[in-house]
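Undergrad: Below is a structure I'd like to ask you about.
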2 protein chains.
Amino acid sequence: MGRPVGAASSAALPRSLRSRLLEGLTPSEIEAVLAVARRQRISPNEVLQHEGDTASHLSLVVTGRAAFYKTTTDGRKLFLRWIAPGDAFGLGALLQIQQPYFMTIHAKREGCLFVWDRVSAQALASQIPQLRKNAYTIASDYVASLADALAARASQSAQQRIARVLVESARHTGRARSKGIEFALTNEELAQMADVNLFTVSRQLSEWQSQGILTKSRGKILLRAAKRLSSQY
Amino acid sequence: MGRPVGAASSAALPRSLRSRLLEGLTPSEIEAVLAVARRQRISPNEVLQHEGDTASHLSLVVTGRAAFYKTTTDGRKLFLRWIAPGDAFGLGALLQIQQPYFMTIHAKREGCLFVWDRVSAQALASQIPQLRKNAYTIASDYVASLADALAARASQSAQQRIARVLVESARHTGRARSKGIEFALTNEELAQMADVNLFTVSRQLSEWQSQGILTKSRGKILLRAAKRLSSQY
DNA sequence: CGACTGATTGACTGCCCTCAAATAGGGTGG
DNA sequence: CCACCCTATTTGAGGGCAGTCAATCAGTCG
């Protein structure tokens, strides 16, 4: 479950990690913040925070990848957005009045986190006002991206939503190949992310494949003409 | 367009107004905050803030009623939520880096606001940390309600969404009558709020009317059996 | 070589949107 | 009081997008 790390080991913050949560903090402030964090390893499919549980921890992704989900009343999992290195979650732990998490977070790849318990996080936020400013910025970013998702869900066709997911996935998790951009994604994941039926995804991908826009194999997609997709929405 | 008000007139804050924005502030802090606000009257259908414009003002609703909308890519207006007395909007003005508003706000009834420009609002937030804490609470509330709206849109039928809008409207804007709860709402408004077609609303209401759940007249609805509706979702 | 998971394809269904046309309420001016 | 207009609402017919279900095929791993 992780262990406390002393200030000495706080050099463990990768130089390459830019986090909006720690943006604008002085080196000594960052050191102080990391000194009270514990590290936690994460592995695929692990649930990092569960919707409805009390918001007890604030986390920062150092490496790996995770995703926000919201559980609908009929029990389906609704994909909301990715969480990449540098992103924070569990921001509800910074609220003055303790509340439940409103989303579920699933780890998708091996990686590690910094985790603060609520009390420490609140103490830090009081000492370092910039920290709360940053949390506010991140929260407002969530508002924007949720509003976008809502607009997309309300006004776009299944085809458009799938196209969008493909293009964004290519940007976020894709690797350049000679023939295009390749990324790992099963039809089922795609269906969750675009919020459409599994079969609809399959049919749509088949069509695009026959048009030469992409090539698919089991669990992988090679996007050959991203522009022809992004022009669809 | 409003005018600056001195500290002396800050007694104008209605005693009955409880605002999450000002929660936990001392009386003298509240006085200081209101001293730099200007008052603004609002009238129905006035656009109070426009999606995409630079977030330049923070506002607090004193009286009246307004609504958040998001404009979809195909030009429709997507209802997001009500704003009632005590609610704040334009929270983007408190962000460190200036950004555009991500939503449009329409006034729906006569009323008035307190408005702060970005510079004053930021200055106040720095002087009074509680203010930023409160803004953070409100922002997180927006996240929660948007996530709920998304889940509702994704998993509920048109009928369920209409039922939900009716019940919530009854709670928020309804007046008790001998035969039930009455509130003003046209089919078109209802359609926007539930994000369904105008005709679907009409048909559904007709059905419920024939079941005795409600009575409708032009622009008004009398909800007779709210429980039978809320049990539908 | 099974066993299992992922993907495909077709047939069918149904919810809800679109469009057209008619009806009704409510206010205004003569 | 009535004629008129504008807007809100109704009702029906038709269609399409995408979901459901069933059966089959394909890739991967032990």
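We did not get these values from a lab; they are worked out from the coordinates using the rules stated. Computed from a predicted structure; not experimentally measured. Quick reminder, even Gly has a Cβ in these numbers, built from the backbone with ideal geometry, and neighbours come from all protein chains shown.
Undergrad: Give me the inter-chain shielding for A:151-160: mean count of other chain Cβ atoms within 10 Å, whole number please.
TA: Per residue, the number of nearby Cβ atoms from other chains is 4 on average.
Undergrad: Can I ask one more? For the range A:156-230, what is the per residue volume of the convex hull drawn over the alpha-carbon atoms, in cubic angstrom?
TA: 77 Å³
Undergrad: Shifting gears a bit: Shape verdict for the protein assembly as shown, please, from the Cα gyration tensor: rounded (a/c under 1.5), prolate (a/b greater than b/c) or oblate.
TA: Here the protein assembly as shown falls in the oblate category.
Undergrad: Kindly provide log₁₀ I(q)/I(0) values, in the same order as q = 0.09, 0.13 Å⁻¹, from the Debye equation applied to equal alpha-carbon scatterers of the range A:3-154.
TA: -0.27, -0.58
Undergrad: Taking only pairs that are 8 or more places apart or on different chains, how many Lys pairs in chain A have Cα atoms under 20 angstrom apart?
TA: 7
Undergrad: Calculate the spin-label point distance for residue A:127 paired with residue A:199, positioning each point 7 Å from the Cα along the beta-carbon direction, and give it in nanometres.
TA: Label at residue A:199, label at residue A:127, 5.9 nm between them.
Undergrad: OK, next. Measure off 7 Å from each Cα along the Cα-to-Cβ vector at residue B:32 and residue A:171, then give the distance between these two points in nanometres to one decimal.
TA: Spacing of the two 7 Å Cα→Cβ label points: 4.2 nm.
Undergrad: Once the Cβ-Cβ distance between residue A:76 and residue A:17 is put in as r, and R0 is 35 Å, what FRET efficiency do you end up with, to the nearest 0.05?
TA: Calculated transfer efficiency: 0.55.
Undergrad: Residue A:217 label points, 7 Å along Cα→Cβ, one per copy: pairwise distances from this copy to the rest in nm, shortest first?
TA: Once sorted, the set of distances for residue A:217 reads 7.1 nm.
Undergrad: Same structure again: Kindly give the distances from residue B:175 to its copy-mates, label point to label point, with each label point 7 Å from Cα along Cα→Cβ, as nm values to one decimal ordered shortest first.
TA: 6.7
Undergrad: Sticking with this one: What does the copy distance list look like for residue B:45, label position 7 Å along Cα→Cβ, in nm and ordered from shortest?
TA: Relative to the other copies, residue B:45 has label-point distances of 5.7 nm.
Undergrad: Something else: Relative contact order (percent) for the range B:1-154, with alpha-carbon contacts under 8 angstrom and 6 or more residues of separation?
TA: Once normalised by length, the contact order is 30 percent.
Undergrad: Expressed as a whole number of Å, what is the distance separating the alpha-carbon centroids of the range B:176-220 and the range A:197-223?
TA: 43 Å
Undergrad: Just from its helices, what would the mean residue ellipticity at 222 nm be for chain A, if runs of 4 or more DSSP H residues each count -39500 (n - 2.57) and the sum is divided by every residue, rounded to the nearest 500 deg cm²/dmol?
TA: -12000 deg cm²/dmol
Undergrad: Right, something else. Can you give the FRET efficiency for residue A:217 and residue B:145, using 1/(1 + (r/R0)^6), R0 = 45 Å, r = Cβ-Cβ distance, to the nearest 0.05?
TA: The computed FRET efficiency comes out at 0.65.
Undergrad: In nm, to one decimal, how far is the modelled label at residue A:99 from the one at residue B:207, with both set 7 Å along Cα→Cβ?
TA: Rounded to a tenth, the inter-label distance reads 3.4 nm.
Undergrad: What does the average come to when, for each residue of peptide A:133-139, you count the partner chain Cβ atoms lying within 10 Å of its Cβ?
TA: Counting other chains' Cβ atoms within 10 Å and averaging over A:133-139 gives 6.
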